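The structure appears below as structure tokens.
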Amino acid sequence: MTTEPDTSTWKQTPDGIAIPPPSPDDVLYEASDGVARITLNRPIVLNAINRNVTRLLDAALDQAEADDDVRAVILTGAGRAFSAGGDLWSSLYPDDDPAPDSLDVQMRIWSFAKPVIAAVRGHAVGQGCELAGVCDFTIAAESARLGEIQIRHGFGVPVLITPFLTGQKQAKEVLLLGEVIMPDDALRMGLVNRVVPDDQLEQAATEMARKLASLPPSVVRTNKRLVNLVYEQMGLIDAVRYRDNEALTEFLEAEDTVGTGRQRIREEQGWAAFKRERDRGYEERSLPDRSP
């Protein structure tokens with residue numbers, strides 16, 4: 001029997017949706033049989049990523065890195081989603097404590113010495129889609145919904161990994177249209193490695209992780225590095241660090257009145273009004289109901 005949380009002290013959006021405060025349990029870590037499991041654990045808000053999640057995810061990677069018995073890592077989300085991306089309501093709980101940059105943490109996964117498997121059920125959108133993308137393998141459940149929907153918010157690309165996972169036309173389809181992508185299409189595009197029934201997701205991820213853990217670790221590490229090196233020589237590092245490119249300053253600093261207007265709606269009227277404005281022209285069934 002699941003106990004409903006006491007939300008009486010939680011802060012709320014302008015339209016009355018209660019948002020949980022940061023918790024030391026926002027990311028969970030466990031390890032056994034050579035496999036570490038890292039779980040994003042904010043299921044009420046579909047595991048939205050804020051500074052606290054970034055901080056705890058980095059600490060969990062520290063644990064996996066320091067444990068010589070761990071030879072593979074599974075990254076997943078609690079509840080019905082992998083991650084709905086960046087937390088649009090993080091300002092309700094100001095957080096000035098030191099935290100690593102979210103891009104640095106995602107690129108740490110990219111270069112992590114041990115292979116990382118993303119096990120995705122439900123929504124993996126925005127930063128959540130990119131977080132799955134920087135992992136070495138992505139296994140999607142049939143309920144998975146991926147996409148870079150942040151363009152609808154008026155936001156840029158947090159981690160520019162998609163063009164290195166897909167072809168050029170498909171990358172533009174993902175990044176310019178901001179659609180939610182069904183798992184079979186994600187497999188076709190190269191966003192995921194495999195699609196499995198929901199009730200087989202954990203088993204599939206565990207079997208892959210244990211297979212990786214059984215292999216000679218130095219060779220696994222070397223082969224990962226070799227594959228990564230190919231993409232880095234193609235410009236991946238410069239691409240994901242595009243904010244440092246002075247040639248893009250004019251684009252990055254330009255104000256978008258449509259995006260600004262949508263954020264004003266969110267701040268003044270709340271999630272429901274923002275979602276209606278954001279998703280005009282898109283099918284509502286494709287989108288999370290309570291993403292932050």
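The values are calculated or read from the model by the stated rules, or taken from the named source; none is laboratory data. Note that this is a predicted model, so its numbers are computed, not measured. Neighbour counts run over all protein chains shown; Cβ positions are idealised from the backbone, glycine included. Protein only, heavy atoms only, side chains kept; ligands, DNA and RNA dropped before computing areas. Shrake-Rupley method; radii C 1.70, N 1.55, O 1.52, S 1.80 Å.
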With the chain reduced to its Cα atoms and the Debye formula applied, log10 I(q)/I(0) at q = 0.07 1/Å amounts to -0.25
Relative contact order in percent for segment 132-221 (Cα pairs under 8 Å, 6+ apart) equals 39
Total charge of the residues flanking LEU248 in space, meaning their Cβ is under 12 Å from its Cβ, with Lys and Arg +1 and Asp and Glu -1, is -3
Most fluctuating of LEU187, LEU215, LEU177 in the GNM of the chain (C-alpha, under 10 Å) is LEU215
Out of ALA205, ALA59, ALA119, a Gaussian network model of the chain with alpha-carbon springs under 10 Å gives the largest mean-square fluctuation to ALA59
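What percent does the relative contact order of segment 1-107 come to when contacts are Cα pairs within less than 8 Å and at least six residues apart? Display every interim value, and only then the final one.
Working: 155 pairs, mean separation 30.4, N = 107.
It comes to 28 percent, rounded to a whole number.
To two decimal places, what compactness ratio does segment 1-112 give when its Cα radius of gyration is scaled by 2.2 N^0.38 Å? The partial results should precede the final answer.
On the way: Rg = 14.9 Å, N = 112, 2.2 N^0.38 = 13.2 Å.
In units of the 2.2 N^0.38 Å rule of thumb, it is 1.13.
Sequence gap at least 6, Cα distance under 8 Å: using those rules, report the relative contact order of the chain to the nearest whole percent.
Numbers: 506 pairs, mean separation 54.5, N = 292.
Averaging sequence separation for qualifying contacts and normalising by length gives 19 percent for the chain.
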Per the helix-only model, the chain has a calculated mean residue ellipticity at 222 nm (DSSP H runs of ≥4, -39500 (n - 2.57) each, divided over all residues, rounded to the nearest 500) of -11500 deg cm²/dmol
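Considering only segment 1-135, what is the antiparallel percent among its DSSP beta bridges, to the nearest 5?
Bridges in segment 1-135 that DSSP calls antiparallel: roughly 40 percent.
Taking all protein chains together and a probe of 1.4 Å, list LYS275, LYS211, LYS11 from the most accessible to the least accessible.
LYS211, LYS11, LYS275
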Out of SER143, SER218, SER90, a Gaussian network model of the chain with alpha-carbon springs under 10 Å gives the largest mean-square fluctuation to SER218
